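Below is one structure, written out as structure tokens, with a few remarks after it.
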Protein chains: 4
Amino acid sequence: MKSKPKLGIGLIGTGFMGKAHVFGFTSAPRVFDLPYDIELRMVADVTPELAEKARGALGFASATHDWRDLLKDPAIDIIDITSPNALHKEMALAAIAAGKHVYCEKPLATLSSDAMEMTLAAEAAGVKTQVGFNYLCNPMLAYAKAMIAAGELGEIRSYRGVHAEDFMVDKAAVYGFRHDIAGGGALADIGSHALATAEYLLGPIDRVMGHSVTVIGERPDGKGGMKKVEIDDLSRSFVRFASGATGSIEANWLATGRKMQHDFEVYGSRGALCFSQERFNELHFYSVDDKAGQRGFRRIEAAPDHAPYGRFCVAPGHQLGFNDLKAIEVAGFLDAIAGLRPEPFNFRAGFGIQRLVELVHRSSREEKWLDVAGH
Amino acid sequence: MKSKPKLGIGLIGTGFMGKAHVFGFTSAPRVFDLPYDIELRMVADVTPELAEKARGALGFASATHDWRDLLKDPAIDIIDITSPNALHKEMALAAIAAGKHVYCEKPLATLSSDAMEMTLAAEAAGVKTQVGFNYLCNPMLAYAKAMIAAGELGEIRSYRGVHAEDFMVDKAAVYGFRHDIAGGGALADIGSHALATAEYLLGPIDRVMGHSVTVIGERPDGKGGMKKVEIDDLSRSFVRFASGATGSIEANWLATGRKMQHDFEVYGSRGALCFSQERFNELHFYSVDDKAGQRGFRRIEAAPDHAPYGRFCVAPGHQLGFNDLKAIEVAGFLDAIAGLRPEPFNFRAGFGIQRLVELVHRSSREEKWLDVAGH
Amino acid sequence: MKSKPKLGIGLIGTGFMGKAHVFGFTSAPRVFDLPYDIELRMVADVTPELAEKARGALGFASATHDWRDLLKDPAIDIIDITSPNALHKEMALAAIAAGKHVYCEKPLATLSSDAMEMTLAAEAAGVKTQVGFNYLCNPMLAYAKAMIAAGELGEIRSYRGVHAEDFMVDKAAVYGFRHDIAGGGALADIGSHALATAEYLLGPIDRVMGHSVTVIGERPDGKGGMKKVEIDDLSRSFVRFASGATGSIEANWLATGRKMQHDFEVYGSRGALCFSQERFNELHFYSVDDKAGQRGFRRIEAAPDHAPYGRFCVAPGHQLGFNDLKAIEVAGFLDAIAGLRPEPFNFRAGFGIQRLVELVHRSSREEKWLDVAGH
Amino acid sequence: MKSKPKLGIGLIGTGFMGKAHVFGFTSAPRVFDLPYDIELRMVADVTPELAEKARGALGFASATHDWRDLLKDPAIDIIDITSPNALHKEMALAAIAAGKHVYCEKPLATLSSDAMEMTLAAEAAGVKTQVGFNYLCNPMLAYAKAMIAAGELGEIRSYRGVHAEDFMVDKAAVYGFRHDIAGGGALADIGSHALATAEYLLGPIDRVMGHSVTVIGERPDGKGGMKKVEIDDLSRSFVRFASGATGSIEANWLATGRKMQHDFEVYGSRGALCFSQERFNELHFYSVDDKAGQRGFRRIEAAPDHAPYGRFCVAPGHQLGFNDLKAIEVAGFLDAIAGLRPEPFNFRAGFGIQRLVELVHRSSREEKWLDVAGH
């Protein structure tokens, strides 16, 4: 067995997403025949103690409380950014300047202009980039996309997408970074997934009309007073795809009872597909070509037919979990670095989502439809 | 057992809905303790032969090919109109002029101005009216409305409503009356149900932003040529309720695979309700008051707890069918005629829906939000 | 329109099932092109007052407190028995002796020997009979049966049937007639439906092994003491069909939360069907002939493709209710009386179910498999 | 951060399950605070080439084609056996003799007498053991077990368990090791999971009545002839728990369309729980304590409330996958080795399942109930 080149990872941030990325890095090599051997070189967190603790728990070779140390290590090839959103830009630009590939959690930046600056820098430097829209890594979505592309649904006519959760329901919960304008609100935080899925399946959105609403207008500031909230709790939009199909997108973090309603329904002239992240190992397919009297939505269960599911389990019915999606994300990025395939979701794609988020909000404020082109 | 006063029915139209109304008239007395004995007096259809055939099949005492004969019969108390939409206005106004109560299938009229004219005439004449929004007669909807009114969901924050079917999917199907501007399109035809359910549950909508789309722009005219289609195949809208809650409504008759996706999801600060007409004997309820670790949407099955289900079956789990909803509709109208309760869904309410339909379309054309007040 | 012969109905019993039968008699003529005009001639209940009240509410021409009066009326053609189970035999035999057709609620009798006596009497007299296994009247079951018969599932290999409800869960509820040995227990009362469905779909069961359990061994007698309960609360059985397929049946009236879990799953070499009465307007079908990667259980919704659904609604998605099943039952019986088709579920079939019930219990007591032949 | 003691792993077998175990070993340390650092020391496969290939792919330090080499390495603490069932006994006994802890895939052995021999050897040697009944590692099952133990369902009355798949549906598929008597058939292969889950939730089964059926009696031998099949394709059993509750178990590998129907329904006097491995991040709970009119099965989604889900994801709705269950299994075994808690499912437990499998088959052959005690 020939030895593979090494690819060193430098991770910034060790919270929920930092941990999820490490799951990806450690399970991807067991699942895929990757083009590189992954080496967890160095992890950065805000204090020496936190960094050292994360080093041990996550399995890195070394630790630092200064993320800039990662840039100096020539054995680090990928800078993996899972820090708070507001820091993404500075870190990514520094990593690009150091000639590193960059893997950045979503959202890429808090402003689309920043996202574009990062995109142009990466493209100029010739480094590879990846933004963490992990739900797109689901084999059932890849299968859905392929079915649509193959014309199995006929001409696509309408789309309904939603990403709803309930983690902001309690109005007595104190003001936090997600309530800040830099945090972005429901559309930026979770609706961005719905936008990404819509474009992943049906291609670019070229026109939007938004309605973004702040339901909980103020929250306790934690010091006995109240603080005004300016971001959206829910945001709805009409969208038109370049293909001519139309649809709607809803982002909602006040959807009591919903833990992960990342759902879509796509209707074509010959078939339809329905999906819910609540049961993300299933895809529901209706075909007008089925025999009369026996048509109905088929509950297709994830199986080796739906690559790369078979890499995880050789038999159907076993199911992937959230962390497995991260392994697929990692494998896609490594393939892109090796030049084996295009970047699955690079900074330019991340910029595209951020631009849509901003357009929807602006459309809402101005109460008019906006074209994507020219923005 | 004291004898009840008689209430004579004169039916115009004997198609799908005419038959459904007769189901209502014949089963309502077996189910409810009605204030009247119903007498099926006379049925009108376009030819003597059709009328006579319907008389026998539906159980009427007499038949006519001239609907105006119904107005002359003093033993007829209710004129029941299930004829094509374009005829509703003339027939209803004549019935009102003759002092009859009027039961009219939806939509009340093809123009809201006509609907208002009919409303004012009925109110001036003091006759009772009913428009056939049958889905509102579901006991589970009444229960949902009561839960919301009682505050069991807390403050209502968002709403998602849809009415989608697939009966217009085939673009090779010839142009018919539903494709005509007087037929009204997807929003008027089926989306009106979604609007009615939204207002039934959450109260009046006071502002709308619409997006109505004609997907199939022309259809075979049946004579070898093509005919331009001007009505909407799908229509989406943002809505704001007078309560301050916001929501969305979708009407879609190109939703391949959907036979009766009349669904809603309503999210409040303390709970949520989800419903689908596809399984209309169920209501799904989530409550934050359930014990931690054990919260989840509860699938509540229709039961005697949900009046008037118990009138049909004394035990849970037996389920109502579509025609049973018509019996409930009939019972409600008869109670209103007897003065026992307000009209469940009178001409003024029917006008309100028609006005919303028109506002959504106008909003779509003008690409701007419109207030309901003043229209 | 030619006039039809009249068929007079004499109803005994006016409870839940009596009312449901009247729903059937009144809606069947609106739905079907029946061979007869139905006349609700006379209703019998235990007191003159109850009988008269039922007459008015249910729409009968006359009333009596002596059910034998029905036998004397030459205009009564069908004696419809919905009285307590223990009275079925006497009433049916008297009706048969009077030359009447007999429509009897299930169970036909409390002992299979009685059921056989009734069967032989009816056959000797040449009258038509019907036992009220209403769930068999579901169009989706007829469709399932036809699919199986047509070989669409290939060779049938296994079957799982259950009828579970929760109406006997509360052990503090007082002893009633259903707890009595003549009432029959969970298997006779509700499991009989599961047996009937199994044989309806797959043909005769020829061997059984039972396990019947009395969970709540005593109940309050209503007078301050306790009374021993001897019937089964739940009963499980292994069954072998004459076709060679094997299966299991469960009857359970202690299934907390279940209101109508009348479910089956049937697995063949090329496909499978799953059904739940909880959603009885659906049938779930899996076919190995679907394309690889796209196989899955299809949720088929009741539609005009599934006769006689189209008699009730011309469009899919509207759904039948429990009372509609009774209309189908009535129509089938009238067709049989007119000689248009075999009796859908006659006394001999009812005997067959009762025999299976007794065999399962005996097998349970003796702890051995029993052949149906010879019993 | 203090350093942890090392625990060396020696893996035998590198197929589906070998790979799944490695997933467990590599992700467990990222998820849990384990008492040991895991070292993947050596992997054994049948040829030097296969072993070396597995070493590279799975990340072991060394490789061998002779599994006995693992016994000689003092740095190997756990022998992990994922080889064909027929080899488990020899390997486990050798490992125990070498003083190693043993982690063995299910079934523990092909005969319960062998399983007992292995159990006694392990207990005598004082080594820790683990059998791979991975479905028991689901946090939702742990939660269900805790709810039952806490009395939240009241007195448990009945149980329905099934494990059905369709991988043996095709009768043209050639005879393989699973068709051999040593392979065990449907009950041993997959029904053992259903038995394990039943006992996990409700405690020991003390009496069984079985019905095991060979549906496909012969299969192609791959050389142009046919070979007789002696094992069961499906096996049903009635079971009685020591608690007094009764239930049924079905094992079925001919269940066309079913990929992982590992389901249970448990009914108590105050509540019920339903579960399907097809949607194993959900648990459905009904409580009679809910408000009248609002009772229904609640769909509880996996969340940090259900330990150790929170170790994988800090937010609800993200879901675990099959391989995550293996990480939980590994963590439990390591805790047991460290003396922190009892072995989750040791050889004695594995023996118990194997004994039940044999009793069910024997009961089927003898057509009589059998007590577990004394066997």
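The values are calculated or read from the model by the stated rules, or taken from the named source; none is laboratory data. Remember, it's a predicted structure, so these values are computed and weren't measured experimentally. Here the Cβ is made from the backbone with ideal geometry for all residues, glycine too, and neighbour counts use every protein chain on show. Accessible surface is based on the protein model in full, side chains and every heavy atom, while ligands, DNA and RNA are left aside. Shrake-Rupley method; radii C 1.70, N 1.55, O 1.52, S 1.80 Å.
Of note:
- Sequence of C:H361, C:H179 when ordered by accessible area, the most exposed leading, probe 1.4 angstrom: C:H361, C:H179
- Residue by residue along C:276-289, Cβ atoms of other protein chains within 10 Å of the local Cβ number 5 on average.
- Anisotropy class assigned to chain D is oblate, per the alpha carbon gyration tensor with a/c at or over the 1.5 cut-off and a/b no larger than b/c.
- Rg(Cα) / (2.2 N^0.38 Å) computed for the range C:6-134, rounded to two decimals: 0.98
- Highest-MSF residue in chain D out of D:I181, D:I231, D:I76 [GNM, Cα springs under 10 Å]: D:I181
- Overall form of the protein assembly as shown: oblate. Here a/c, set by the Cα gyration tensor axes a ≥ b ≥ c, is 1.5 or more, and a/b is not larger than b/c.
- The phi torsions of the range A:152-162, fed into the Karplus equation with coefficients 6.51, -1.76 and 1.60 and a -60° offset, translate into couplings of 5, 9, x, 6, 7, 10, 8, 9, 10, x, 8 Hz, rounded to whole numbers, with Gly and Pro shown as x.
- Here the dipole of the protein assembly as shown is about 0 debye; that uses its Cα centre as origin and unit charges on the Cβ of Lys and Arg (positive) and Asp and Glu (negative).
- A crude spin-label estimate for the pair C:K4 and B:A149, with each label 7 Å from Cα along the Cβ direction, gives 4.2 nm.
- The trypsin sites (Lys or Arg not before Pro) of the range B:299-375 meeting both criteria, a DSSP state outside H, G, I, E and B (loop) and at most 16 other C-beta atoms within 10 angstrom of the site's C-beta, are B:K368.
- Relative to the current alpha-carbon distance between D:H375 and D:S62, full extension at 0.36 nm per residue lengthens the span by 108.4 nm.
- Calculated FRET value between C:S113 and C:A242, using beta carbons and R₀ = 25 Å, to 0.05: 0.65
- Where N is the number of residues in the range D:16-85, Cα Rg divided by 2.2 N^0.38 Å: 1.09
- Remark: accessible surface ordering of A:V174, D:V372 (largest first) is A:V174, D:V372, probe radius 1.4 Å.
- Estimated FRET transfer efficiency (D:M226, C:L340; beta-carbon r; R0 60 Å; 0.05): 0.75
- Note on exposure: B:T64, C:T47 ranked by accessible area (1.4 Å probe, complete protein assembly) read C:T47, B:T64, with the most exposed listed first.
- Sites listed here are trypsin sites (Lys or Arg not before Pro) in the range B:1-82 whose DSSP assignment is loop and whose Cβ has at most 12 other Cβ atoms within 10 Å: B:K2.
- In the range D:203-276, trypsin sites (Lys or Arg not before Pro) in a DSSP loop with at most 10 other beta-carbon atoms within 10 Å: D:K223
- Residue-wise HN-Hα coupling along the range A:280-291, computed from phi with Karplus coefficients 6.51, -1.76, 1.60 (Hz; x: Gly, Pro): 7, 8, 10, 9, 10, 10, 10, 10, 6, 7, 5, 4
- Three-way shape call for the range D:18-57 based on the alpha-carbon gyration tensor, with the a/c threshold at 1.5: prolate
- In order along the range B:191-203, the Karplus-derived 3J(HN,Hα) couplings, from 6.51 cos²θ - 1.76 cosθ + 1.60 at θ = phi - 60°, round to x, 4, 4, 5, 5, 5, 5, 4, 6, 4, 7, 10, x Hz, and Gly and Pro are given as x.
- Two-site label geometry, C:A173 and D:A307: point separation in nm, points 7 Å out along Cα→Cβ: 3.9
- Potential lengthening between D:A292 and D:S276 on full extension [0.36 nm per residue; Cα-Cα distance subtracted]: 3.1 nm
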